[in-house]
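Before any comments, here is the structure.
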There are 2 protein chains.
Amino acid sequence: VASDTRERLIRTTGRLLRTQGYTSTGLNQVMAEADAPKGSMYFHFPGGKAELAAAAIERFAGRIRGHLLERLATSGSVRDAVAGFFDSYVEHLEATQFAEGCAVATVALDGAAEHDVLADAAGGALRDWTGLLAQALEAEGRGEPEAHRMATLIIAAIEGTIVMARAERSTEPIVAARDALLAVLDPSG
Amino acid sequence: VASDTRERLIRTTGRLLRTQGYTSTGLNQVMAEADAPKGSMYFHFPGGKAELAAAAIERFAGRIRGHLLERLATSGSVRDAVAGFFDSYVEHLEATQFAEGCAVATVALDGAAEHDVLADAAGGALRDWTGLLAQALEAEGRGEPEAHRMATLIIAAIEGTIVMARAERSTEPIVAARDALLAVLDPSG
């Protein structure tokens with residue numbers, strides 16, 4: 001059915017954004033890998049590639065939001081939740097042989113952020129994740145400005161260590177930055 | 001003269017890598033923007049685009065190394081050097097309207113790291129910068145493992161906040177993460 005095609009287009013685009021970014025991702029590749037019928041692309045996404053990519057980023061952003069919320073809900077502290085989140089990225093990069101990073105970061109860096117609809121989606125995702133962590137840090141008793149600064153550093157460390165892991169083909173930087181953050185987040189530290 | 005052409009090819013490629021990454025950067029664009037004579041490209045870089053990009057990344061990496069060393073030499077502490085380095089990125093992103101990020105990060109994320117010569121250049125740059133900061137932190141009395149972890153977090157924060165600044169079209173994340181790091185690096189903190 002039509003909605004299955006839409007789903008496949010979004011999922012395929014999301015995966016391609018994570019591995020190769022926006023510019024490298026051609027619509028022909030998306031159509032082929034999503035096994036999408038001719039014409040379905042502009043039927044579902046009249047705005048073309050930018051609209052499809054924005055939908056894929058929003059889907060990705062929502063999934064990461066879900067992971068973050070689940071970690072925060074099931075961990076005893078923000079510290080433990082952050083540790084688990086970094087560890088899941090270590091696993092994911094190893095499982096994909098460093099191919100799949102963050103869909104938001106690739107789009108932010110390959111010039112695609114010139115498109116307003118993509119900048120809105122990518123910027124909105126980063127602000128949303130930062131806000132979730134800041135709220136959780138506030139709930140642990142930190143003041144609002146400090147919570148926001150620390151949340152920004154945590155999100156930056158995730159985005160930055162994905163860059164490092166992919167360039168160095170090693171998850172060591174993710175582990176090292178995680179441990180530096182955990183020392184800072186340690187209430188007894 | 002020939003060496004001027006080589007210089008222009010490297011400089012132009014470096015700028016294009018910072019703004020749009022490897023995949024989007026076509027050799028025709030490089031040749032045109034570098035005002036390079038036909039044939040000069042393969043004369044200077046027989047290995048083609050990957051070899052030229054690797055040379056541009058190494059040039060960029062060396063320039064950042066120089067900036068870092070100068071900051072460390074002229075600042076009273078690693079903390080002050082880090083503050084100055086983050087501030088220079090705030091200025092640079094504002095001056096370029098968020099167009100010019102880190103040449104290493106774009107290459108790491110757009111799939112170019114599949115090329116060994118690019119992964120070597122990008123990974124080598126990140127390891128080099130991390131090592132410089134770690135050495136400086138050790139010189140301030142931190143143990144080797146802690147210095148390495150903190151240096152990794154600082155480099156990750158720079159790479160990550162460039163992603164955030166470009167996506168959000170705001171330097172606010174750079175300032176917030178910088179301030180979180182400075183609180184951690186404060187000897188009296």
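The values are calculated or read from the model by the stated rules, or taken from the named source; none is laboratory data. These numbers were taken from a predicted model, which means no experiment stands behind them. All Cβ positions, even for glycine, are placed from backbone atoms using ideal geometry, and neighbour counts span all protein chains on display. Surface accessibility is based on the protein's heavy atoms, side chains included, excluding ligands, DNA and RNA. Shrake-Rupley method; radii C 1.70, N 1.55, O 1.52, S 1.80 Å.
Where in the range A:116-189 are the helices (runs of 4 or more DSSP H), entirely inside, with at least 2 residues that are over 20 Å from the mean Cα position of the chain (by Cα) and within 7 Å of chain B (Cβ to nearest Cβ)?
In the range A:116-189, A:172-185 are the helices (runs of 4 or more DSSP H) which contain 2 or more residues that are over 20 Å from the mean Cα position of the chain (by Cα) and within 7 Å of chain B (Cβ to nearest Cβ).
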So is A:Ala56 assigned to a helix (DSSP H, G or I) and surrounded by 18 or more Cβ atoms within 10 Å (Cβ to Cβ) or not? yes
Exception for B:Val104 within (1) in a helix (DSSP H, G or I); (2) at pLDDT 95 or above falls at (2)
Just the residues that are acidic (Asp, Glu) and surrounded by fewer than 17 Cβ atoms within 10 Å (Cβ to Cβ), please, taken from the range B:94-116. B:Glu94, B:Glu114, B:Asp116
Kindly provide the set of residues from the range A:100-115 that are in contact (Cβ under 8 Å) with a residue 12 or more places away in the chain, on the phi < 0 side of the Ramachandran plot and more than 14 Å from the chain's Cα centre (by Cα), ordered by number. A:Asp110, A:Ala112, A:His115
May I ask you to verify whether B:Leu182 is on the phi < 0 side of the Ramachandran plot and surrounded by 22 or more Cβ atoms within 10 Å (Cβ to Cβ)? no
When the range B:151-165 is examined, which residues are found to be open to solvent by less than 10 Å² (accessible area, probe 1.4 Å) and of a type outside the set (Gly, Ala, Ser)? B:Thr152, B:Leu153, B:Ile154, B:Ile155, B:Glu159, B:Thr161, B:Ile162, B:Val163, B:Met164
From the list A:Gly143, A:Gly131, which residue is surrounded by fewer than 24 Cβ atoms within 10 Å (Cβ to Cβ), modelled with pLDDT of 95 or more and under 24 Å from A:Leu109 (Cα atoms)? A:Gly131
Among the numbered conditions (1) within 14 Å of another protein chain (Cβ to nearest Cβ); (2) open to solvent by 20 Å² or more (accessible area, probe 1.4 Å); (3) part of a helix (DSSP H, G or I); (4) in contact (Cβ under 8 Å) with a residue 60 or more places away in the chain, tell me where A:Thr23 comes up short. (3)
Considering the range A:26-41 alone, what residues qualify as being outside any loop (DSSP other than H, G, I, E, B) and either of a type in the set (S, T, N, Q) or surrounded by 13 or more Cβ atoms within 10 Å (Cβ to Cβ) (or both)? A:Leu27, A:Asn28, A:Gln29, A:Val30, A:Met31, A:Glu33, A:Ser40, A:Met41
Given the options B:Glu51, B:Glu70, B:Glu91, name the one that is assigned to a helix (DSSP H, G or I), open to solvent by 50 Å² or more (accessible area, probe 1.4 Å) and within 20 Å of B:Glu114 (Cα to Cα). B:Glu51
How many residues of the range B:73-88 are touching a residue at least 24 places away in the same chain (Cβ under 8 Å) and part of a helix (DSSP H, G or I)? The answer is 8
